[in-house]
1. Taking Asn309, is it out of contact with any helix residue (DSSP H, G or I) (no Cβ under 9 Å at 6 or more places or on another chain) and surrounded by fewer than 20 Cβ atoms within 10 Å (Cβ to Cβ)?
2. Within the range 39-59, is even one residue within 16 Å of the ligand (Cβ to nearest atom), hydroxyl-bearing (Ser, Thr, Tyr) and surrounded by fewer than 17 Cβ atoms within 10 Å (Cβ to Cβ)?
3. Could we say that Val39 is in a helix (DSSP H, G or I), among the β-branched types (Val, Ile, Thr) and over 17 Å from the mean Cα position of the chain (by Cα) here?
4. From the residues in the range 293-308 that are farther than 20 Å from Glu43 by Cβ and not acidic (Asp, Glu), which one is nearest to the ligand (Cβ to nearest atom)?
5. Consider Cys250 against the criteria (1) buried (at least 19 other Cβ atoms within 10 Å of the Cβ); (2) in contact with a Lys or Arg (Cβ under 6 Å, 6 or more places away or on another chain): it satisfies all of them except one. Which criterion is unmet?
6. Tell me, which helices (runs of 4 or more DSSP H) wholly within the range 272-341 include 1 or more residues that are under 15 Å from Val14 (Cβ atoms) and modelled with pLDDT of 95 or more?
7. State which residue is farthest from the ligand (Cβ to nearest atom) when the search covers only the range 20-35 and only residues that are under 21 Å from Lys301 (Cβ atoms) and under 12 Å from the mean Cα position of the chain (by Cα).
8. Taking helices (runs of 4 or more DSSP H) that fall entirely within the range 81-175, which contain at least 3 residues that are more than 23 Å from Val212 (Cβ to Cβ) and at pLDDT 95 or above?
Amino acid sequence: MNLAELNKVAVAMVAPGKGILAADESSGTIKKRFDGIGVESTEDNRRDYREMMFRTNEAMSKYISGVILYDETIWQKAKDGTPLVEVIRKSGAIPGIKVDEGTKPLPNCPGELITIGLDKLADRLPKYYDQGARFAKWRAVIDIAPGIPSYTAILTNAHALARYAALCQQAQIVPIVEPEVLMDGDHDIDRCVEVTEFVLKETFQQLYYQRVPLEGIVLKPNMAVAGKKSAKKASVQEVAEKTVRMLKNCVPGAVPGIAFLSGGQSDEEATAHLDAMNKIGNLPWNLTFSYGRALQAAPQKAWSGKSENVAAAQRAFLHRAQMNGLASLGQWKSDLEKKAA
Ligand code: 5MM
C-alpha cells in the first residue's frame, strides 16, 4: 500500500469548495427514483440520466471532487461511445465505485441488517482500479426503533466496514466508510447523537483492529438530526452544533475529511446544515458533502426522461452543486436559493 498516494486522493475528495456526487443507486433504488418521475428504468435511460450530470461541466469541474458509481455505470459508455469514467475524469473529478452488495437481515437480530459483499471483494477491487476507480464506498445501515440498534448489529457492521476498508487500501483504493444511522424513526436529535456516537466509536475501534491508516480513508456519516417522524424538529444551529460536537468526540484528526450523506433531508436543509457546521469553523478535518438525493432530486425532476429538458436539468444540478460547494466553505446564504428560484 502506498499511503501517501491514498492520502493524496482522500485529500482531493474533500478539497475545500468541492464534494462528492453519490450516483451509485443500485438497480432497485434508481427504479424507485425513476418511478417518481414517470421514467422507465432501462439501461439507456439510466445512462442518459447519469451522462446528463457528468456532462454538466461547470458543476463537475468547480464543485464535484468525485463521483460514486454503481457497477453498471463504471462499465458504461456515453452516447458518443466515450466511457463514462473518461467523461468524469476529463471534468477533473475522480471516479469511485460502490462495492457493497446491499443488505440482508442479520440473524438473531429482528429488524436489523448486515451489509454484504466481502467474499469476493479482494478479486473485484483490482478490476475496478484498472477501470479507473480511485475510491470505493460501503454503506452500513443502522436503524433506530424501540429496542434497536443492538450491539450485535453495530459491532457486526463496523467489523465489515473495517474489513472492506483494509481490502480497499490493499488494492490502492481509498475507502469511503459509511455507517448510516437512519433518520426514519420518531426519535429526537439526542437519541440520534447517542446512537451515532456509539456507531462511530465502534467503527473506529474496528478500523484500528484491522490496522487501517486513517490518513487514507474518508468518513461518510449521517448528521445529528431528529427522526423524520419526531415531534421535536431540531433547528439548523442545533443540528450543526450537535453534529460537530459528536464528530469531535469520535473522529480522530488523522482522517482527512468527512463527507456527509443527506439521508432524506430536503435539498436546502442538507445545504444549510453543512454550511452552519463550516461556519462554526476551527475543525480538525474538512467537512463536505457526499449527497445522493440532496444533489439529484432537483435535476431528476427537471429532466423527467426528456432530452429537451437536459439543459434545465443541468442548470438544476449546477445550482445544487454550487450551493453545496459554498456550504463546504461556510459561504452559503439562503438568499442565493431565492434568487435561483
Ligand atoms: C445514492 O444512493 C446510494 C446507494 O443506495 P442503494 O444501495 O440503496 O441503492 C447511497 O448509499 C448513498 O450513497 C448514500 O446513502 C447517501 O445518499 P443520500 O441520498 O442519503 O445523500
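1. On the way: out of contact with any helix residue (DSSP H, G or I) (no Cβ under 9 Å at 6 or more places or on another chain): no; surrounded by fewer than 20 Cβ atoms within 10 Å (Cβ to Cβ): yes.
So Asn309 does not fit the description; no.
2. There is no residue in the range 39-59 that is within 16 Å of the ligand (Cβ to nearest atom), hydroxyl-bearing (Ser, Thr, Tyr) and surrounded by fewer than 17 Cβ atoms within 10 Å (Cβ to Cβ).
3. no
4. Of the range 293-308, the ones farther than 20 Å from Glu43 by Cβ are 293-295, 297-298, 301-302, 308.
Remaining after also requiring not acidic (Asp, Glu): 293-295, 297-298, 301-302.
Values: Arg293: 3, Ala294: 5, Leu295: 7, Ala297: 9, Ala298: 13, Lys301: 15, Ala302: 17 Å.
Among them, the one singled out is Arg293.
5. All conditions are met except number (1).
6. Numbers: elements: 293-303, 310-327, 335-340.
Once the helices (runs of 4 or more DSSP H) in the range 272-341 are filtered for at least 1 residues that are under 15 Å from Val14 (Cβ atoms) and modelled with pLDDT of 95 or more, what remains is 310-327.
7. Leu21
8. Working: elements: 84-91, 121-130, 151-170.
Counting at least 3 such residues, we get 84-91.
The values are calculated or read from the model by the stated rules, or taken from the named source; none is laboratory data. Bear in mind the structure is a predicted one, so any value in this text is a computation, not a measurement. All Cβ positions, even for glycine, are placed from backbone atoms using ideal geometry, and neighbour counts span all protein chains on display.
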